[in-house]
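The structure under discussion appears below in the form of structure tokens.
The values are calculated or read from the model by the stated rules, or taken from the named source; none is laboratory data. Keep in mind that what you see is a predicted model, and the values were worked out from it rather than measured. Quick reminder, even Gly has a Cβ in these numbers, built from the backbone with ideal geometry, and neighbours come from all protein chains shown. We work out accessible area using only protein heavy atoms, side chains counted, and drop any ligands, DNA or RNA first. Shrake-Rupley method; radii C 1.70, N 1.55, O 1.52, S 1.80 Å.
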Protein chains: 4
Amino acid sequence: MSNSLGTLFKITSFGESHGPSIGVVIDGCPSGMDIDFDFIKSELIRRRPGQSKITTARNETEAFEIISGVFEGKSTGAPITIIIANSDTRSKDYSHITNVYRPSHADYTYQEKYGHRDHRGGGRSSARITAGWVAAGAIAKMFLKHTNIHVQAFVSQAGTVKLETPYTKLDLSKTETNIVRCPDAVVADQMIELISKTKKQGDTIGGVITGVVSNMTVGLGEPVFNKLNAAIGHAMLSINAVKGVEFGSGFEGAIMKGSEHNDAFVAGEKITTKTNHSGGIQGGISNGEDIVFRVAFKPVATIMNEQETVDEYGNTTTVKGKGRHDPCVVPRAVPIVESMTAIVLADFVLRARTTKFEA
Amino acid sequence: MSNSLGTLFKITSFGESHGPSIGVVIDGCPSGMDIDFDFIKSELIRRRPGQSKITTARNETEAFEIISGVFEGKSTGAPITIIIANSDTRSKDYSHITNVYRPSHADYTYQEKYGHRDHRGGGRSSARITAGWVAAGAIAKMFLKHTNIHVQAFVSQAGTVKLETPYTKLDLSKTETNIVRCPDAVVADQMIELISKTKKQGDTIGGVITGVVSNMTVGLGEPVFNKLNAAIGHAMLSINAVKGVEFGSGFEGAIMKGSEHNDAFVAGEKITTKTNHSGGIQGGISNGEDIVFRVAFKPVATIMNEQETVDEYGNTTTVKGKGRHDPCVVPRAVPIVESMTAIVLADFVLRARTTKFEA
Amino acid sequence: MSNSLGTLFKITSFGESHGPSIGVVIDGCPSGMDIDFDFIKSELIRRRPGQSKITTARNETEAFEIISGVFEGKSTGAPITIIIANSDTRSKDYSHITNVYRPSHADYTYQEKYGHRDHRGGGRSSARITAGWVAAGAIAKMFLKHTNIHVQAFVSQAGTVKLETPYTKLDLSKTETNIVRCPDAVVADQMIELISKTKKQGDTIGGVITGVVSNMTVGLGEPVFNKLNAAIGHAMLSINAVKGVEFGSGFEGAIMKGSEHNDAFVAGEKITTKTNHSGGIQGGISNGEDIVFRVAFKPVATIMNEQETVDEYGNTTTVKGKGRHDPCVVPRAVPIVESMTAIVLADFVLRARTTKFEA
Amino acid sequence: MSNSLGTLFKITSFGESHGPSIGVVIDGCPSGMDIDFDFIKSELIRRRPGQSKITTARNETEAFEIISGVFEGKSTGAPITIIIANSDTRSKDYSHITNVYRPSHADYTYQEKYGHRDHRGGGRSSARITAGWVAAGAIAKMFLKHTNIHVQAFVSQAGTVKLETPYTKLDLSKTETNIVRCPDAVVADQMIELISKTKKQGDTIGGVITGVVSNMTVGLGEPVFNKLNAAIGHAMLSINAVKGVEFGSGFEGAIMKGSEHNDAFVAGEKITTKTNHSGGIQGGISNGEDIVFRVAFKPVATIMNEQETVDEYGNTTTVKGKGRHDPCVVPRAVPIVESMTAIVLADFVLRARTTKFEA
């Protein structure tokens, strides 16, 4: 397994859905930084199950403890370890799938790869472990705060309901005012309605999250194999259920002409661009414009209807979802997208301190 | 900079567009493997400039030399270093942009990040360096050959011309029969016509490449931060001009229901799935189905028409492409996509040897 | 900070001397391996403070919990996290050194490097954290067991008392029969007497530990920058108070002639060598002979006599040890040396699975 | 294989003794640094074979070329690749050992590990490849120059001839005034005489090199697994023929008492220590005192007298050195020790830029 991410600001993730706790080690957080415990809490709350009628009913308080790396409220430079309890597990909800492969879950691939797996709640493949990522993301955001870099994500699509307004015309600060985390109240209501309806049908839907990083520093990114887009893309594709990621014009850019797509530079106090089809990254390095990207999530694999499948012994069988599950992951995935982005950026801000000779 | 990729099968890239040569070091290639020099040559030829009327006229013979790691035709386990000459550089074509930032190129970001850059032909940010990646990819393909894993890519979109037929209904072996590398001859002609027309206009277009990996081993991928999709995605987003990547259903999956999207398992000699919306990867691990992904390329930034821009001193100016450039990168990017995929897979095949206890 | 070690069998250490607990994450332990909880316990007991009259009186029961990566008694391939409680901390013993730099401790360097440090019990610089390394080492030893590789260490010098008998003439299984961990009972008694006497004087002494790895696999080691000796040496120099490491003939080899030093190969069922001045490693790769190395430990820096020093404000002051400390670390460092060696070897055994092509 | 070293200032080594050339890629050298080609040349000359009557007669001019990463005399931040030709190889001198294992060489271990090896001149296991390390070390020294950190090594022992004067009483600038690189002229003559005599006997001797780093920055080192001593130790143990390394008091420290060994802090403009038994490193971090270490080299394995050995087929046979070899490696290893030290320090200087929060 590869459970570490990053070079200088490096996180190591551990834990399973139904173990006693999950957690994260953050190695490389600079020393002397104020650690805001309430902020970590509030970020975990944004991701927590049971937060609204359109999420899973698993009820985690997300009680956490920092067991290393912080002294008298400040980081010491030592690894920061955060442990988050799994307090509301119902492992018996999973006893029927001990030996059955749920379609489009990781049961089969984990079994084949490892030969021995913790099936309870999906074990290591559960999105439960992203709580640790969000805790680490909270630390990363604290670090980024002093650079003014601001990371923000929102739901831009839930199933067939799509937010068409460009983000620059939206008030992103309204994202947290509704349970689906869409900054447009009207579209948010449509999304909530669709998710609620889907839930009643025992079915699920996918969606898209848009990420926007503003007040960007120019010069973040480490070509040629750690380009900023490659690193953010890597982090996004590490999130459960993500099937695609695009930057700036993305797949739409394929049909544009160079004369349309090119972002003309504009002189001024600082150099800017007229358009931002590049999504704030050129040659793998940030150019100071907003970093804009979209992340596609497939529909949740656990549905409440019966599906054909196969068990560990190769027999055909059926399976039906039990337990408590999200009908659509994107509302709760917003803080995950933000956290993973912040973790990557914190690493690159530190990397950028080492680029130039400066005799 | 971060110029290495991979954990066990690791490549280190070096060189600039107008330096004496570019190259690659491959560290971790298993020993005792026959090195097929002709195959390296043929792969380089697929990527080389000047190969057809729809590519740049820069005429590289791609003469290469293996200066380490191979003895009596076989790998020794020592790092394999391949040097490829830059023989047809015309640095004076770039003298007009010594201090000018070409729109949507990496001139501005490199200058801001490094303070000192080789502007000739884009220097380190040039796609010229992907010749080294293709040489490394050829080695990776030789290694994969013994596992039967087969990596194949083709152009599925050039500007507005899109190949709508699903890849399973195409004969992918026909990909190399035309200069645009689209396996459907009719669509290929349309693409070639569009690219030719665009070239005459002094403009450029983008496109999409589809990658398909068949005969996949079950169990490749290293959760949770080196999932197979994350690693391939990272590699794709490292390629010049790539703005997006999606696996299986990708962005389309967002509008599907779970009941539609789930890939039902089917019993048999080996377990398969009825559909493949997962794109061959579940929980970050290959499930034995074809790995399918799409890679979006933006239009080439160098156009032959005048554009507004800014110079290093902050003055507004204009710039116009000189020299020899591709009107559309996707035909030549096909071997690059394949190579980067093969490099990632070689790494994961080696990783997979270390997963289980096997007392 | 850099708190991870290893490539495939990788440990991440965290925790401070007086935090709630310390621990370790082991990423890359192969799946399906039986985890022997009693063995972990017994290894921790070998390292634990308060184990005898010649060690510190800090009384830790070394209660530990595995919070991830193990299911139904077997490893799952997921990261294994082990948490060990700090139950007998007396932070007030350190209040007098909040702002004072103890000579030859890490107080000054941590303060200068990080600006903010946990001074209690030495914080992150305390040898307390090696409990986590020993827990990880126990897992590594379980893994090595199936290869027959056997790691053993013993005290070969305590202050001026030196064990002169070559290890091949000793019964190493007697190492654990005395509290100083020297396999020769007579010399052990001399060592115990010297340590006891030194303790009464409020002073401390250093020592040397010899490591022997038997039943070695031929071919472990990754030249040229991860040679087996470099990796073991790195691990040894990571242990608190270690000032030197040597392999085979070591520093004595400098005065030998090539004709004396060379280890003649001997034909047989397997190839062996007549002598073992190489210490079982040639060209950075194991040759199947015993790996033999010696590790030098300086005397413990905390002494009970008054010493001149400087405080954080640059003022001259004095400091005197309080609290509970070891008069000599080597008896308790034996399991640490073994653990770090086993961790390195587990990594290299996995690496060796990826060396050859094996079509 | 693992042919890269370092995190931020990272080198990748490649090449074999009798290939067309050997070389190094330096990734992470900050941009905008003047590259002094003459200095690289002069460092290579210090290491080159054929430099005096007490070294091998292989006559390399060490012609090198920088093929990437430098533009208009300055580093660009792109990887710097340096290629050094192998111009004076005599592969036939090795034809008699194609299938014979030379005692205490790496022939047997390479053959067992890789199954296929380049035997000519030792192939990848040859010290020839350290020329690349010295070239990289020259770049590292250029970088360190602006920090004032000064790396210096000298021969302190050749066989039985030992320099007893402490380095603080020596004029280290005289090191290069004699061919053995010992700063004391009288002892140097004794060393030269011993080496010459040994050479005539067809035999070889070992030796010790002392490294001294002065004007050290306080705060370099990354606990707990990349302590400065562990990283330097790792680098030293990567050098061919090295069997041991010790810092400060080293193995002698084992017999000292804490009250003798502790380095009392002394107030002043900057904090210093009365003694330096710590060798300039406390808790894995530099304290500003000189870093002092000793590196033990075994005698050269190639001797001109007949030795018993075994061939690849397991038959007993004999072997005798042919070709051109050093009777003692330490004179030529001085620049190698310095280079590897400088490479490690450059990495840690960059790392140290990322330690603190600095809002």
Is it the case, given these coordinates, that B:Val295 is closer than 29 Å to C:Gly28 by Cβ, open to solvent by less than 40 Å² (accessible area, probe 1.4 Å) and of a type in the set (A, V, I, L, M, F, W, C)? no
Checklist (1) at pLDDT below 95; (2) more than 7 Å from chain B (Cβ to nearest Cβ) applied to A:Lys356, failing item: (2)
Matching residues in the range A:211-225 (within 23 Å of B:Phe225 (Cβ to Cβ) and touching a residue at least 60 places away in the same chain (Cβ under 8 Å)) number 7
Of the listed residues (B:Arg90, B:Arg120), the one being away from chain A (no Cβ under 14 Å) and in contact with a Phe, Trp or Tyr (Cβ under 8 Å, 6 or more places away or on another chain) is B:Arg120
Determine, yes or no, whether C:Ile66 is surrounded by 22 or more Cβ atoms within 10 Å (Cβ to Cβ) and assigned to a strand (DSSP E or B). no
Report, by residue number, each residue of the range B:245-285 that is more than 7 Å from chain A (Cβ to nearest Cβ) and hydroxyl-bearing (Ser, Thr, Tyr). B:Thr272, B:Thr273, B:Thr275
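Any idea which of D:Val242, D:Val266 is within 26 Å of C:Gly250 (Cα to Cα) and either modelled with pLDDT under 95 or of a type in the set (Val, Ile, Thr) (or both)?
Numbers: D:Val266 fails: within 26 Å of C:Gly250 (Cα to Cα).
Just one listed residue meets the conditions, D:Val242.
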Of all residues making up the range B:207-232, the number that are out of contact with any Ser or Thr (no Cβ under 6 Å at 6 or more places or on another chain), of a type outside the set (A, V, I, L, M, F, W, C), outside any loop (DSSP other than H, G, I, E, B) and within 20 Å of B:Ala346 (Cβ to Cβ): 2
Every residue in the range A:1-29 that is within 10 Å of chain B (Cβ to nearest Cβ), surrounded by fewer than 24 Cβ atoms within 10 Å (Cβ to Cβ) and assigned to a loop (DSSP other than H, G, I, E, B), please. A:Gly6, A:Thr7
Among the residues of the range B:309-359 satisfying the criterion of being aromatic (Phe, Trp, Tyr) and within 27 Å of C:Pro30 (Cβ to Cβ), which is least open to solvent (accessible area, probe 1.4 Å)? B:Phe348
Can you find, within the range C:95-106, the residue that is most open to solvent (accessible area, probe 1.4 Å) among those that are out of contact with any strand residue (DSSP E or B) (no Cβ under 6 Å at 6 or more places or on another chain) and hydroxyl-bearing (Ser, Thr, Tyr)? C:Ser95
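Listed here are the residues, each with its yes/no results for (1) assigned to a loop (DSSP other than H, G, I, E, B); (2) β-branched (Val, Ile, Thr); (3) under 30 Å from B:Lys197 (Cα atoms); (4) at the interface with another protein chain (Cβ under 7 Å from one of its Cβ atoms).
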{"residue": "A:His234", "(1), (2), (3), (4)": "no, no, no, yes"}
{"residue": "A:Ile239", "(1), (2), (3), (4)": "yes, yes, no, no"}
{"residue": "A:Lys243", "(1), (2), (3), (4)": "no, no, no, yes"}
{"residue": "A:Gly288", "(1), (2), (3), (4)": "yes, no, no, no"}
{"residue": "A:Arg294", "(1), (2), (3), (4)": "no, no, no, no"}
{"residue": "A:Ile303", "(1), (2), (3), (4)": "yes, yes, no, yes"}
{"residue": "A:Val310", "(1), (2), (3), (4)": "no, yes, no, yes"}
{"residue": "A:Thr318", "(1), (2), (3), (4)": "no, yes, no, no"}
{"residue": "A:Gly321", "(1), (2), (3), (4)": "yes, no, no, no"}
For residues in the range D:247-271 being closer than 19 Å to C:Lys162 by Cβ, in contact (Cβ under 8 Å) with a residue 12 or more places away in the chain and small (Gly, Ala, Ser), which is surrounded by the fewest Cβ atoms within 10 Å (Cβ to Cβ)? D:Gly250
Restricting to helices (runs of 4 or more DSSP H) lying wholly in the range A:107-206: which have 3 or more residues that are without any contact (Cβ under 8 Å) to a residue 12 or more places away in the chain and buried (at least 24 other Cβ atoms within 10 Å of the Cβ)? A:107-114
Of a type in the set (A, V, I, L, M) and more than 24 Å from C:Gly115 (Cα to Cα): is that true of C:Val329 in this structure? yes
Looking at the range C:93-106 only, could you name the residues that are outside any helix (DSSP H, G or I) and more than 10 Å from chain D (Cβ to nearest Cβ)? C:Thr98, C:Asn99
Within the range B:30-40, can you find the residues that are more than 7 Å from chain D (Cβ to nearest Cβ) and in contact with a Lys or Arg (Cβ under 7 Å, 6 or more places away or on another chain)? B:Pro30, B:Met33, B:Asp34, B:Ile35
If C:Ser238 satisfies every condition in (1) in contact (Cβ under 8 Å) with a residue 12 or more places away in the chain; (2) surrounded by fewer than 22 Cβ atoms within 10 Å (Cβ to Cβ); (3) not β-branched (Val, Ile, Thr) but one, which is the exception? (2)
Answer yes if at least one residue in the range B:14-37 is over 15 Å from B:Ile336 (Cβ atoms), among the acidic types (Asp, Glu) and free of Cβ contacts under 8 Å to residues at least 40 places away in the same chain, and no otherwise. no
For the range D:272-286, give me each residue that is of a type in the set (S, T, N, Q), open to solvent by less than 10 Å² (accessible area, probe 1.4 Å) and in a strand (DSSP E or B). D:Gln282, D:Ser286
Residue within the range A:330-349 that is within 10 Å of chain B (Cβ to nearest Cβ), within 26 Å of A:Arg90 (Cα to Cα), touching a residue at least 40 places away in the same chain (Cβ under 8 Å) and touching a strand residue (DSSP E or B) at 6+ places or on another chain (Cβ under 9 Å) present: yes
Answer from B:Gln152, B:Gln190 - the residue that is touching a strand residue (DSSP E or B) at 6+ places or on another chain (Cβ under 7 Å), over 21 Å from B:Pro49 (Cα atoms) and among the polar types (S, T, N, Q): B:Gln190
